[in-house]
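Chemist: Got a structure for you, written out below as structure tokens; questions coming shortly.
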Amino acid sequence: AQRVTQPEKLLSVFKGAPVELKCNYSYSGSPELFWYVQYSRQRLQLLLRHISRESIKGFTADLNKGETSFHLKKPFAQEEDSAMYYCALSGLGTSYDKVIFGPGTSLSVIP
Amino acid sequence: DGGITQSPKYLFRKEGQNVTLSCEQNLNHDAMYWYRQDPGQGLRLIYYSQIVNDFQKGDIAEGYSVSREKKESFPLTVTSAQKNPTAFYLCASSGQGAYEQYFGPGTRLTVT
């Protein structure tokens, strides 16, 4: 079964501290993994996707197929990083396959 | 803020009434999606449509219905059969060959 899990509902870190939001998935084929972010009073939007291997707003995420994980990391958290983060999964190579979202992690960066 | 719009922002209905939520996009995207967002449960897929006049059930389709008569529009009807309709509803779209989903601002439905 296709599934995305995010073990932490809430995560609080101090400004300047490293942050890691965990994501694990189960998928029988070749997955494409994403991180979406929802800032307060803003729309849900794509933060990054594993296939592009980009660093967005200082965040990176590496796909670990052995551990079926796609953890989101940032070395130094900023207050503006406080938001709801969703890990998501889709089938690589299928244009319109449904996207499966995890339950989300609410990140709070303490000044 | 164009692209994908949802209306209204807030909607109140009495129990037993059907209600239709609007979703329109001008991004020329083929695929459109409806999600329900509940605290602690993330986004759950209700219905999605890959092309005009075609749609598929998502994980929680019971009590909902959709239509896709135009590429730009994908309205969602919450019927009286939906046991727990009070929620935040998100519409999204994606283009051919692109996996990124673009989300609307959402509609908060309250049924009393």
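Chemist: Based on what the data block shows, is A:Glu80 within 11 Å of another protein chain (Cβ to nearest Cβ), touching a Lys or Arg at 6+ places or on another chain (Cβ under 9 Å) and among the acidic types (Asp, Glu)?
Modeler: no
Chemist: Moving on. Take the residues of the range B:11-59 that are in contact (Cβ under 8 Å) with a residue 24 or more places away in the chain and charged (D, E, K, R): which is nearest to B:Lys71 (Cα to Cα)?
Modeler: So the residue we want is B:Asp30.
Here's the yes/no breakdown for (1) out of contact with any helix residue (DSSP H, G or I) (no Cβ under 9 Å at 6 or more places or on another chain); (2) facing chain B (nearest Cβ under 9 Å):
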| residue | (1), (2) |
| --- | --- |
| A:Asn24 | yes, no |
| A:Gly29 | yes, no |
| A:Phe34 | no, yes |
| A:Leu47 | yes, no |
| A:Glu54 | yes, no |
| A:Phe70 | no, no |
| A:Lys74 | no, no |
| A:Gly102 | yes, yes |
| A:Val109 | no, no |
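Chemist: Right, another one. Taking the range A:16-56, which residues are among the charged types (D, E, K, R) and either exposed (fewer than 12 other Cβ atoms within 10 Å of the Cβ) or in a loop (DSSP other than H, G, I, E, B) (or both)? Lay out the reasoning, then the answer.
Modeler: Going residue by residue through the range A:16-56, those that are among the charged types (D, E, K, R) are A:20, A:22, A:32, A:41, A:43, A:49, A:53-54.
Passing the criteria: A:Lys22, A:Arg41, A:Arg43, A:Arg53, A:Glu54.
Chemist: Residues in the range B:18-31: is at least one at the interface with chain A (Cβ under 10 Å from one of its Cβ atoms) and within 14 Å of the chain's Cα centre (by Cα)? Reasoning before the result, please.
Modeler: Of all residues in the range B:18-31, those at the interface with chain A (Cβ under 10 Å from one of its Cβ atoms) come to B:29-31.
Adding the requirement that they be within 14 Å of the chain's Cα centre (by Cα) leaves B:31.
The answer is yes, given that some residue of the range B:18-31 is at the interface with chain A (Cβ under 10 Å from one of its Cβ atoms) and within 14 Å of the chain's Cα centre (by Cα).
So that you can scan it fast, the table gives a plain yes or no per residue for (1) within 22 Å of B:Asp59 (Cα to Cα); (2) of a type outside the set (S, T, N, Q):
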residue: A:Glu54; (1), (2): no, yes
residue: A:Asn64; (1), (2): no, no
residue: A:Glu67; (1), (2): no, yes
residue: A:Phe70; (1), (2): no, yes
residue: A:Gly104; (1), (2): yes, yes
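Chemist: Being without any contact (Cβ under 8 Å) to a residue 12 or more places away in the chain and of a type outside the set (A, V, I, L, M): is that true of A:Asn24 here?
Modeler: no
Chemist: When you scan the range B:83-102, do you find a residue that is within 11 Å of chain A (Cβ to nearest Cβ), part of a strand (DSSP E or B) and among the acidic types (Asp, Glu), even just one?
Modeler: No, every residue in the range B:83-102 fails to be within 11 Å of chain A (Cβ to nearest Cβ), part of a strand (DSSP E or B) and among the acidic types (Asp, Glu).
Chemist: Among the numbered conditions (1) surrounded by fewer than 18 Cβ atoms within 10 Å (Cβ to Cβ); (2) within 24 Å of B:Ile46 (Cβ to Cβ); (3) more than 9 Å from every other protein chain (Cβ to nearest Cβ), tell me where A:Lys9 comes up short.
Modeler: Single failed check for A:Lys9: (3).
Chemist: Among the residues in the range A:57-68, are any outside any loop (DSSP other than H, G, I, E, B) and facing another protein chain (nearest Cβ under 10 Å)?
Modeler: Checked against the condition, which is being outside any loop (DSSP other than H, G, I, E, B) and facing another protein chain (nearest Cβ under 10 Å), the range A:57-68 yields no hits at all.
Chemist: Further question: Taking the range B:92-111 as the region of interest, how many residues are touching a Ser or Thr at 6+ places or on another chain (Cβ under 8 Å), touching a residue at least 40 places away in the same chain (Cβ under 8 Å) and not aromatic (Phe, Trp, Tyr)?
Modeler: Summing the residues that are touching a Ser or Thr at 6+ places or on another chain (Cβ under 8 Å), touching a residue at least 40 places away in the same chain (Cβ under 8 Å) and not aromatic (Phe, Trp, Tyr) in the range B:92-111 gives 8.
Chemist: Continuing with the same structure: Quick one: is B:Val52 away from chain A (no Cβ under 14 Å) and of a type in the set (A, V, I, L, M)?
Modeler: The answer is no for B:Val52.
Chemist: For B:Leu90, are the conditions met, namely being under 20 Å from A:Val99 (Cβ atoms), at pLDDT below 95 and surrounded by 15 or more Cβ atoms within 10 Å (Cβ to Cβ)?
Modeler: no
Chemist: Another question about this same structure. If B:Gly40 satisfies all but one of (1) touching a strand residue (DSSP E or B) at 6+ places or on another chain (Cβ under 6 Å); (2) assigned to a loop (DSSP other than H, G, I, E, B); (3) within 14 Å of chain A (Cβ to nearest Cβ), what's the number of the condition it fails?
Modeler: If we test B:Gly40 against (1) touching a strand residue (DSSP E or B) at 6+ places or on another chain (Cβ under 6 Å); (2) assigned to a loop (DSSP other than H, G, I, E, B); (3) within 14 Å of chain A (Cβ to nearest Cβ), just (1) comes out false.
Chemist: Same structure, new question: Exactly one condition in (1) within 14 Å of another protein chain (Cβ to nearest Cβ); (2) assigned to a loop (DSSP other than H, G, I, E, B); (3) within 26 Å of A:Gln42 (Cβ to Cβ) is not met by B:Arg68; state its number.
Modeler: (3)
Chemist: Do we find that B:Arg108 is in contact with a Phe, Trp or Tyr (Cβ under 6 Å, 6 or more places away or on another chain) and assigned to a loop (DSSP other than H, G, I, E, B) in this structure?
Modeler: So B:Arg108 fails the test.
The values are calculated or read from the model by the stated rules, or taken from the named source; none is laboratory data. Note that the coordinates shown come from a computational prediction; the quantities given were computed from them, not determined experimentally. Cβ: placed from backbone, ideal geometry, glycine included. Neighbour counts: every protein chain shown.
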